[in-house]
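All remarks here apply to the structure that follows.
Where a number appears in this text, it was derived from the coordinates with a stated rule and is not lab data. Owing to the predicted nature of the structure, the values given are computational and were not obtained by experimental measurement. A quick note on method: Cβ atoms are made from the backbone with ideal geometry, for glycine too, and the neighbour counts reach across all protein chains shown.
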Amino acid sequence: ILNLPEWKCPAPGVMANMTYEDKTELWQLRMREVQGAIVVASVFQFAIGVFGIVGLILRFITPLTIAPAIVMVGLSLFGAAGNMAGKHWGISGLTIFLVIVFSQYLKNVKCPLPTFRKGQGWGVKKLDIFTLLPVLLSIVLVWTLCAILTVSDAFQTGSPARTDNKINILYEAPWFRFP
């Protein structure tokens, strides 16, 4: 959406002459456009799920047609992922390694988790956590490791692997905003 001609950034000379209110309206207009597109896409996604259209479409859409779409999304994100991974190869390598181990080698391992059912009490249920959440689990584990190494000052100040590198963003963010 933002690559369309009407959303191109103004020339630097025009930006220099804009007031604060004009600049605010410039970026808020773009944000409203993106938010509207997300809302419309969400309504369609909700309707597709509610009316069971997915079951009908799956007769014609096979993994052979889904795989290229996933590859295209992955390739479009490769530049950003490569730039972020290149800042600390050790941490990014560990994350990739854990994703591979969890999704390929531990996919059949079921983790016992405590459960509680009314009338039956406490029990144990085995869950395919490595099949369901390999990427999220890898990110959480590596981030926790980075947090421990940050607290113990194993990384130098300003290192991209430190978890407190951009902590001021959390402190300065308007968590609640009322229009």
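One table, with the values for the structure above:
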| item | result |
| --- | --- |
| Derived scalar couplings ³J(HN,Hα) [the range 70-79; Karplus, 6.51 cos²θ - 1.76 cosθ + 1.60; whole Hz; x for Gly, Pro] | 5, 4, 5, 5, x, 5, 5, 8, 4, x |
| Nonlocal amide H pairs with Leu127, under 5 Å, H built at 1.01 Å | Cys111, Leu113 |
| From the coordinates shown, volume of the Cα convex hull per residue in Å³ corresponds to which of (i) 277; (ii) 170; (iii) 194 | (i) |
| The chain - mean residue ellipticity at 222 nm from DSSP helices (-39,500 (n - 2.57) per run, n ≥ 4, rounded to 500) | -17500 deg cm²/dmol |
| Extension gain (nm, one decimal) between Leu29 and Asn165, 0.36 nm per residue minus Cα-Cα | 45.9 nm |
| Kirkwood-type radius of the range 1-61, with distances r between different C-alpha atoms, in Å | 14.6 |
| Label-point gap, in nm, between Val39 and Val101 - each point 7 angstrom along Cα→Cβ | 4.6 |
| Two-site label geometry, Trp143 and Ala80: point separation in nm, points 7 Å out along Cα→Cβ | 1.6 |
| Förster radius 45 Å - calculated FRET efficiency between Trp122 and Trp7 (Cβ-Cβ, nearest 0.05) | 0.20 |
| Sorted by Cβ density within 10 Å, fewest first, the residues Val39, Val109 | Val39, Val109 |
| Phi to ³J(HN,Hα) by Karplus 6.51 cos²θ - 1.76 cosθ + 1.60 over the range 134-142, Hz, x for Gly, Pro | x, 6, 4, 4, 5, 5, 5, 5, 5 |
| Label-to-label distance, nm, for residues given as Asp153 and Phe46 (7 Å Cα→Cβ offset) | 5.2 |
| Gain in span if fully extended, Val109 to Ile61, counting 0.36 nm per residue against the direct Cα distance | 14.3 nm |
| Per-residue HN-Hα couplings for the range 162-169 [Karplus 6.51, -1.76, 1.60; θ = phi - 60°; Hz; x = Gly/Pro] | 6, 7, 9, 4, 10, 5, 4, 4 |
| Amide H contacts of Thr163 (H built 1.01 Å from N, under 5 Å, at least 5 apart or other chain) | Thr150 |
